[in-house]
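J.: Below is a structure I'd like to ask you about.
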Amino acid sequence: MGDFKLTTIEEFEEATNRLLETGAKVGADSWQLRVKNQTPHCKFGEQGICCRICSMGPCRITKKSPRGICGCDAHGIAGRNFLRFTAGGAATHSDHGREICHTLHTVSPDGNYKVKDSEKLRRIAKEWGVETEGKDIYELAHELSEMALLEYGKPFGVQRWLKRAPEHTQKLWHEAGIEPRAIDREVSTAMHMTHMGNSSKPEALVRQSLRAGMSDGWGGSMCGTEFSDVMFGTPKPVDTEANLGVMKEDEVNIIVHGHDPSLSEMICEYAEDPEMIQLAKSLGANGINVAGVCCTSNEVAMRRGIPMAGNFLQQENVVLTGACEAIVVDVQCIFPALGPLSKCFHTKFITTSPIAQMPDSDFILFEAETAGENAKKIVRAAVENFANRKKELVHIPQLKQKATVGYSVEAIIKTLDTVTNSQIDVTGTTKPLVDCITSGVIRGAVAMVGCNNPRVRPDSAHIELMKKLIKNDIIVVLSGCSAQAAARAGLMDKRAKDLCGAGLKRVCELADIPPVLHMGSCVDISRMMVLASQLAKDAGVNISQLPLVGCAPEWMSEKAVSIGNYVVATGIDTFLGVEPQVSGSDQMVHWLTEGIRDWVEAAYTVELDIEKLGDAMIARIEEKRVALGI
Ligand code: BF8
Ligand code: SF4
């Protein structure tokens, strides 16, 4: 292994503690302090049995008061809360996807946004039955963007992307009544069903939760991923680095944070503008360094190799380095805490979207039509701020790891094909991967996704589970903050293959891949659905028969619940390390962990002990192998 070694959780924490010392000096608040103030949490909220959807309430369920004023019981309240949670997540991902479709509508050969992957655009056109012959690629892009936008509000029919799934899965969806219609409709229906005086039957609420989740994963998120690829390029393996050590003491550091690549792509472009670099140099900096936080980081890392400074619970840390000239955000997962925190330093907290407006930030509106000008203004503001840096507060933890990222489905197919096919013939199937799994060289796969959550020691569940899985010859595909945890620890360094069991190690060597594969941001979990569908078709089995499970060990957001619902609805058993807020209703727990299996051949498992969670996943994968006779 040479001098390669993983970065440990203790080293992560040491770095954070050192940064918190700087924070204490300048009177900064931190999530670590706020967690203390918020603990213990409200038990009613934790169990999902507080209802505040009408002003007769709030009503809380106890043994003595088993029903709210309207007569709703714990099951109805927990069920409604769960559906509203899902609707929030589905709306959020899908609206991101919608923004991407709007951006696609602005593409032109000499505009801010162009078509980078015309082959993918044509492929989608064919899939959607659109004539491509003799059509200009930009005309086609506009046509498809309009069709995609109609998926959000069309009066009839179900989502177009559903046809990508195996027929068996489509049939299950149809029979269960969970095929998503228009994306916005599923969110509206969810809100309607949970209004005072509508549904209080857990079965109905869970069914709509799956359907709303499906409108995200097989609707809005898929639009987001596919059309981002069309505009910014379909990711291919690229080398980058991860952790706070990617920030540079002698350069202007611009941190992009959020989710929508339309902004971060433009910031990256203008950070390379000679005029901006000249300006930076005139102020004493050696250059301009862009690094990312959260999913926007995943987007630009996958397509440009832009380094990843950190994930969700590291966002305050980038400011605490004292070396962040600007933290530029678009939407989602942005701590409002960044406002007051940035005021303790010279950092500019730049908000850009009408969707995410926060106090103590500089708002610079970013719109697709004027993206170039807007991005230049933002980069200029960051560069000029270098002069205000307080040298005595600068401390950048010297922790970073190499990472190879960029494993879109297309890239995985191409890469793994080399394992069994020496002539590097891209057959466009996942058969080589199926062969590895059938022969047992790889036992199975885990799709690990999701956030950080202070309820779990940050990143420890992600990293410990990954280590355990790869040691057991289980390949891990990752997205979101889980992917960044892996990269920061060093698990996306190809040398981490030595931590694998013999079979997976051999595959990593032959295919020249790291043992855990970065598939992108959270909207890119749609890529995982496409991969699972392709694997099932190529193996000639149902998705639920594949030795494949999903896992979100440190999840926290509404988006994560929406994701969980569509992953399960796709037939993939999903393992959670944080409890959903439904434990106050045994009926809801039953529906989510068992009942839905009758509809979609998969369900949730909740296990807060990480060791046991890992064992349970391995056991499930082995059970599936036995059932298949492999
Ligand atoms: O969409 S994994 S903390 S950054 S919600 Fe947020 Fe969770 Fe991170 Fe990306 Ni996903
Ligand atoms: Fe209470 Fe029913 Fe109103 Fe909920 S809907 S707050 S349970 S009265």
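J.: Does Val290 fit the bill of being in a strand (DSSP E or B), under 19 Å from the mean Cα position of the chain (by Cα) and crowded, with 24+ Cβ neighbours inside 10 Å?
T.: no
J.: Exactly one condition in (1) of a type outside the set (Lys, Arg); (2) away from ligand 1 (no atom under 16 Å from the Cβ); (3) under 18 Å from Ala291 (Cα atoms); (4) in a helix (DSSP H, G or I) is not met by Leu341; state its number.
T.: (3)
J.: Something else: What about Lys391, is it surrounded by fewer than 21 Cβ atoms within 10 Å (Cβ to Cβ), of a type in the set (D, E, K, R), more than 30 Å from Ile630 (Cβ to Cβ) and away from ligand 2 (no atom under 16 Å from the Cβ)?
T.: yes
One line per residue, one yes/no per condition, for (1) farther than 18 Å from Val405 by Cβ; (2) out of contact with any strand residue (DSSP E or B) (no Cβ under 8 Å at 6 or more places or on another chain); (3) within 16 Å of ligand 2 (Cβ to nearest atom); (4) of a type outside the set (S, T, N, Q):
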{"position": "Ser439", "(1), (2), (3), (4)": "yes, yes, no, no"}
{"position": "Ile442", "(1), (2), (3), (4)": "yes, no, no, yes"}
{"position": "Ala445", "(1), (2), (3), (4)": "no, no, no, yes"}
{"position": "Pro458", "(1), (2), (3), (4)": "yes, yes, no, yes"}
{"position": "Leu465", "(1), (2), (3), (4)": "yes, no, no, yes"}
{"position": "Gly490", "(1), (2), (3), (4)": "no, no, no, yes"}
{"position": "Lys494", "(1), (2), (3), (4)": "no, no, no, yes"}
{"position": "Glu509", "(1), (2), (3), (4)": "yes, yes, no, yes"}
{"position": "Ile513", "(1), (2), (3), (4)": "no, no, no, yes"}
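J.: Considering region 304-338 alone, what residues qualify as being over 25 Å from Thr234 (Cα atoms) and either in a loop (DSSP other than H, G, I, E, B) or not assigned by TED's automatic domain parsing to the domain that holds Leu283 (or both)?
T.: Scanning region 304-338 gives Thr321, Gly322, Ala323, Cys324, Glu325, Ile334, Phe335, Pro336, Ala337.
For every residue, the table says whether it meets (1) more than 16 Å from ligand 1 (Cβ to nearest atom); (2) under 30 Å from Ala489 (Cβ atoms).
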residue: Lys5; (1), (2): yes, yes
residue: Thr16; (1), (2): yes, yes
residue: Gly23; (1), (2): yes, yes
residue: Ser30; (1), (2): yes, yes
residue: Val35; (1), (2): no, yes
residue: Gly45; (1), (2): yes, no
residue: Ile53; (1), (2): yes, no
residue: Cys72; (1), (2): yes, no
residue: Ile77; (1), (2): yes, no
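J.: Could you please let me know if Leu433 is crowded, with 24+ Cβ neighbours inside 10 Å, at pLDDT below 95 and either in the same structural domain as Cys294 (by TED's automatic domain parsing) or closer than 25 Å to Leu628 by Cα (or both)?
T.: The answer is yes for Leu433.
J.: Step by step: first the residues of region 515-547, then only those that are in a strand (DSSP E or B) and touching a helix residue (DSSP H, G or I) at 6+ places or on another chain (Cβ under 6 Å), then the one that is farthest from Leu613 (Cα to Cα). Which residue is that?
T.: Taking the candidates together, the pick is His518.
J.: Condition test on Val26, is it more than 14 Å from ligand 2 (Cβ to nearest atom), under 30 Å from Lys343 (Cβ atoms) and more than 26 Å from the chain's Cα centre (by Cα)? Quick ask: steps written out before the conclusion?
T.: Details: more than 14 Å from ligand 2 (Cβ to nearest atom): yes; under 30 Å from Lys343 (Cβ atoms): yes; more than 26 Å from the chain's Cα centre (by Cα): yes.
For Val26, the condition - more than 14 Å from ligand 2 (Cβ to nearest atom), under 30 Å from Lys343 (Cβ atoms) and more than 26 Å from the chain's Cα centre (by Cα) - is met.
J.: Further, regarding this structure: I need a count of the residues in region 146-165 that are over 23 Å from the mean Cα position of the chain (by Cα) and either among the small types (Gly, Ala, Ser) or buried (at least 20 other Cβ atoms within 10 Å of the Cβ) (or both).
T.: Result for region 146-165: 3.
J.: Using the structure shown, decide if Ser557 is under 26 Å from Lys468 (Cβ atoms) and crowded, with 24+ Cβ neighbours inside 10 Å.
T.: no
J.: Would you mind listing the helices (runs of 4 or more DSSP H) fully within region 186-279 where at least 1 residues are surrounded by fewer than 20 Cβ atoms within 10 Å (Cβ to Cβ)?
T.: In region 186-279, 202-215, 261-271 are the helices (runs of 4 or more DSSP H) which contain 1 or more residues that are surrounded by fewer than 20 Cβ atoms within 10 Å (Cβ to Cβ).
J.: Do we find that Gly129 is among the small types (Gly, Ala, Ser), closer than 18 Å to Val230 by Cα and not in a helix (DSSP H, G or I) in this structure?
T.: Answer is yes for this residue.
The values are calculated or read from the model by the stated rules, or taken from the named source; none is laboratory data. Everything numeric in this text was worked out from a predicted model, so none of it was measured. Virtual Cβ from ideal backbone geometry, glycine too; neighbours counted across all protein chains shown.
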